[in-house]
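Report on the following structure.
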Amino acid sequence: MSRPTVVLLHGVGLDRTMWEPTADLLADRFTVLAPDLLGHGRNGPAPAGTTLEHLALDAAAGIPPGSHIVGFSLGALVAQYLALHRPELVATLTSVSSVCRRTPEEREQVFERLRLAHTDFDAAVSASLRRWFAGTGVGAEWVGRTEATLRANDVESFRNCYRVFATADADLAPDLHRITVPAMAVTGEDDPGSTPDMTRRLAAALPDCGAAVVPGTRHMLPVQRPEAVAEHVTALIGDSTHA
């Protein structure tokens, strides 16, 4: 009997390496895939006009049917799109540090970050690192690796993908109720962007979705608390298989 496949989709400006701590915890039970999204890592740049559909269909080319999809931040929006439009690929859906139905104030905050990425990319990177890691106790090696990944981005490609991240939750919102696969939404208690309120909104919008808030954590759950992410993914897959 073949092992279930778990597909890990990363956040904007990052690459597959952010999943290493979580993937190591899952690899003894599952076949783990971590493709780079369009515009990231080993994939090609994301051109002007890139949409969530472009990112999702590019990712879909490497996803076997019936996979357990785990998306982080931008990757969570890609995963939700796949659950809506390519449901044959998605057996379960785990959204980690996902935005959902931003309020006007929350939308203005993310557009302010997008404007900073256009006017001062280096400052935008530094602000992201503070927002993700300040006070978390994550080691300097991981912070440094993340910084190097962010600064290595093609800047225009990054901006094109960040615009998708800033807008796609509004595009997805009217159809979230159509995602019927077993799902889980997980975020950090102290995440200032993908807040606990957003996780609860997402869980309420999906017909079969639980919500979990990990105490004492910020945005980069797969690095700060990979065991929590792995536990929720494993529990969701186990529950769905049993059902």
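The values are calculated or read from the model by the stated rules, or taken from the named source; none is laboratory data. Since the model is a prediction, treat every value here as computed from it, not as a measurement. Here the Cβ is made from the backbone with ideal geometry for all residues, glycine too, and neighbour counts use every protein chain on show.
Assorted remarks:
- Residue within region 228-239 that is part of a helix (DSSP H, G or I), on the phi < 0 side of the Ramachandran plot and buried (at least 24 other Cβ atoms within 10 Å of the Cβ) present: yes
- Scan of region 151-172 for residues that are under 10 Å from Pro45 (Cα atoms) and assigned to a helix (DSSP H, G or I), ordered by number: Val155, Glu156, Ser157, Phe158, Asn160, Cys161
- Checked against the criterion of being touching a residue at least 24 places away in the same chain (Cβ under 8 Å) and either surrounded by fewer than 16 Cβ atoms within 10 Å (Cβ to Cβ) or touching a strand residue (DSSP E or B) at 6+ places or on another chain (Cβ under 8 Å) (or both), the candidates Thr119, Thr92 yield just one match: Thr92.
- Scan region 28-49 for residues that are aliphatic (A, V, I, L, M), touching a strand residue (DSSP E or B) at 6+ places or on another chain (Cβ under 9 Å) and part of a loop (DSSP other than H, G, I, E, B) and the total you get is 2.
- Among (1) in contact with a Gly (Cβ under 7 Å, 6 or more places away or on another chain); (2) part of a helix (DSSP H, G or I); (3) more than 19 Å from Ser240 (Cβ to Cβ) - the single one His219 does not satisfy: (2)
- Restricting region 196-208 to residues that are free of Cβ contacts under 8 Å to residues at least 24 places away in the same chain and either within 12 Å of Ser95 (Cα to Cα) or touching a strand residue (DSSP E or B) at 6+ places or on another chain (Cβ under 9 Å) (or both), the residue that is surrounded by the most Cβ atoms within 10 Å (Cβ to Cβ) is Ala203.
- Residue match in region 101-113 (condition: touching a residue at least 60 places away in the same chain (Cβ under 8 Å) and over 18 Å from the mean Cα position of the chain (by Cα)): yes
- Considering region 133-148, and only residues there that are farther than 14 Å from Pro226 by Cα and among the aliphatic types (A, V, I, L, M), the residue that is modelled with the lowest pLDDT turns out to be Ala134.
- Filtered by the rule that a residue be within 19 Å of Arg218 (Cβ to Cβ) and outside any helix (DSSP H, G or I), region 103-135 gives Ala134, Gly135.
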